[in-house]
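Chemist: Got a structure for you, questions after.
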Amino acid sequence: MEILIERTMFNAANVVEKLLADKVHFDAIVATEDVLAVGAQKALVARGLSMPVVGCNNSMLADCATPTLTSLDNRLDALCPAAVNVLLQVLEGKDKMTPSTTTFEPFLCYRDSFKE
């Protein structure tokens, strides 16, 4: 099930609360951003529930959450400088030398919110 919401912790918590109130069964939560995952996790913790929760971006919020949040690190530390370099090459007219694709392998940072 896919649910689209505005990107706030409050909205994510409200959606999880509604799903739980409606007795919708789910075994895990995967959010597109850490802030949404933290909101979802807060709703679970408030009800005394525990299940895998995964966010995305591996932001500071992942370490600050209780329990700490498992998060997909999309490698912004490598992606942003590479994007700037490509842009500079294009602006300098060197776009023929610029690779058409660049791949950065993401990785999952396992923390307390993910139980195997």
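The values are calculated or read from the model by the stated rules, or taken from the named source; none is laboratory data. Remember, it's a predicted structure, so these values are computed and weren't measured experimentally. Heads up, the Cβs are rebuilt from the backbone with ideal geometry, glycines too, and the neighbour counts pull from every protein chain shown. We work out accessible area using only protein heavy atoms, side chains counted, and drop any ligands, DNA or RNA first. Shrake-Rupley method; radii C 1.70, N 1.55, O 1.52, S 1.80 Å.
Chemist: In nanometres, what is the gap between the two model label sites at residue 104 and residue 46, each 7 Å from Cα along Cα-to-Cβ?
Modeler: 3.4 nm
Chemist: Just need the relative contact order of the chain here, percent rounded to a whole number, with Cα pairs under 8 Å and 6+ apart.
Modeler: Worked out over the chain, it gives 23 percent.
Chemist: Antiparallel as a % of all DSSP beta bridges within the chain, to the nearest 5?
Modeler: 40 percent
Chemist: Once amide H atoms are placed 1.01 Å from N in the peptide plane, what residues at a sequence separation of 5 or more from residue 65, or on another chain, have their amide H within under 5 Å of its amide H?
Modeler: Residues meeting the criterion, in which the H sits 1.01 Å from N, do not exist here.
Chemist: Right, something else. Kindly write out, for region 52-61 in residue order, the coupling ³J(HN,Hα) from the Karplus curve 6.51 cos²θ - 1.76 cosθ + 1.60 (θ = phi - 60°), rounded to whole Hz, with x marking Gly and Pro.
Modeler: Going residue by residue, I get x, 10, 10, x, 9, 3, 6, 7, 4, 4 Hz, with x marking Gly and Pro.
Chemist: Also, quick follow-up: Using helices alone, I'd like the mean residue ellipticity at 222 nm for the chain: each DSSP H run of four-plus residues gives -39500 (n - 2.57), total over residue count, nearest 500.
Modeler: -12500 deg cm²/dmol
Chemist: Ranked highest first by average number of other Cβ atoms within 10 Å, how do 77-87, 34-44 line up? The partial results should precede the final answer.
Modeler: Values: 77-87: 11.9, 34-44: 24.4.
Most protected by this proxy first, the peptides run 34-44, 77-87.
Chemist: Enumerate the amide H contacts of residue 29 below 5 Å, restricted to partners 5 or more residues apart or on another chain; note that Pro and chain-start residues carry no placed amide H.
Modeler: HN-HN under 5 Å from residue 29: 53, 54.
Chemist: Considering only protein heavy atoms and a probe of 1.4 Å, how much of the accessible area of the chain is carbon and sulfur, as a whole percent? Don't jump to the answer; show the numbers that get you there.
Modeler: Values: 4660 of 7880 Å².
Exposed carbon and sulfur together represent 59 percent of the surface.
Chemist: Relative to the present Cα-Cα distance, how much length would full extension add between residue 84 and residue 6 at 0.36 nm per residue of separation?
Modeler: Separation in residues times 0.36 nm, less the Cα-Cα distance, equals 25.2 nm.
Chemist: With each label point set 7 Å from Cα along the Cα-Cβ vector, what nm distance links residue 91 and residue 27?
Modeler: 4.9 nm
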